[in-house]
Amino acid sequence: MEYRDSKGKLDTARKILKVNHAGEFGAINIYRSQLLVARLFMRDLVPLLESFLTDEKRHLQVFWDEICSRKGVKCKSFWLCGLGGYFMGFVSALLGRKGIMACTWAVESVVVDHLRTQLAYLERKSDRAAYDTVAYILEDEKNHRDIGSRHGGADNFWYHPLRFSISLFTEAVIRLGMR
Ligand SMILES: [Fe+2]
Ligand SMILES: [Fe+2]
């Protein structure tokens with residue numbers, strides 16, 4: 001997706017920040033519901049999922065601080081992201097550890113692509129503060145994605161429909177938020 005100058009009241013930088021903020025809430029809920037299932041059936045995954053959750057909580061705060069500093073807004077799809085995230089996390093965890101990793105890989109791959117495109121836009125606009133905020137989280141998201149891939153989440157044949165649905169939903173809420 002291309003990031004262009006906004007024609008509405010809210011400029012593109014503030015849209016990017018609100019969408020990313022809502023996305024972090026979605027990610028928090030993915031890892032929360034996965035943790036719920038992992039604590040019962042996959043205890044060895046708990047420390048990793050907890051570390052992901054800690055990262056996402058920090059990201060949420062970083063975006064919120066930047067939103068407040070420029071009188072931004074909370075995204076209308078904030079709760080949709082939360083609900084969708086919780087649902088995707090839960091369903092993927094019921095499919096076992098490969099399901100968890102496929103979910104992580106799918107979500108974080110879409111996110112990383114968007115973050116890179118956002119960075120290119122913010123650089124063109126010389127919006128240093130927004131650029132730094134997005135750049136700050138990029139390494140974490142790449143790391144989440146790569147861990148998902150290393151645990152077999154990227155290419156297991158049977159999990160393709162799961163990855164496809166999750167990518168589609170993630171892409172859709174980002175586009176919806178940027179409208
Ligand atoms: Fe994040
Ligand atoms: Fe993440």
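The values are calculated or read from the model by the stated rules, or taken from the named source; none is laboratory data. Here the structure is a predicted model, which means the values were calculated and not measured. Here the Cβ positions follow ideal geometry from the backbone for every residue, glycine too, while neighbour counts run over all protein chains shown. When the accessible area is computed, the model is the full protein with side chains, heavy atoms only, and any ligands, DNA or RNA have been set aside. Shrake-Rupley method; radii C 1.70, N 1.55, O 1.52, S 1.80 Å.
Highlighted here are the helices (runs of 4 or more DSSP H) found entirely within segment 64-179 that include at least 3 residues which are within 15 Å of ligand 2 (Cβ to nearest atom) and touching a Lys or Arg at 6+ places or on another chain (Cβ under 7 Å): 97-124. Is it the case that segment 162-176 has a residue that's over 22 Å from Leu36 (Cα atoms), exposed (fewer than 14 other Cβ atoms within 10 Å of the Cβ) and within 16 Å of ligand 1 (Cβ to nearest atom)? Scanning segment 162-176 turns up no residue that is over 22 Å from Leu36 (Cα atoms), exposed (fewer than 14 other Cβ atoms within 10 Å of the Cβ) and within 16 Å of ligand 1 (Cβ to nearest atom). Out of segment 12-63, which residues are within 16 Å of ligand 2 (Cβ to nearest atom) and among the acidic types (Asp, Glu)? Within segment 12-63, Glu24, Glu50, Asp55, Glu56 meet the criteria. For Val46, the conditions (1) more than 25 Å from Asp132 (Cα to Cα); (2) within 16 Å of ligand 1 (Cβ to nearest atom) all hold with the exception of (2).
Conditions tested, residue by residue: (1) open to solvent by less than 90 Å² (accessible area, probe 1.4 Å); (2) not hydrophobic (A, V, I, L, M, F, W, C).
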site	(1), (2)
Phe52	yes, no
Glu56	yes, yes
Arg70	yes, yes
Phe78	yes, no
Phe87	no, no
Arg97	no, yes
Thr104	yes, yes
Ser109	yes, yes
His144	yes, yes
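The set of residues in segment 51-87 that are under 25 Å from Ser167 (Cβ atoms) and acidic (Asp, Glu) comprises Asp55, Glu56.
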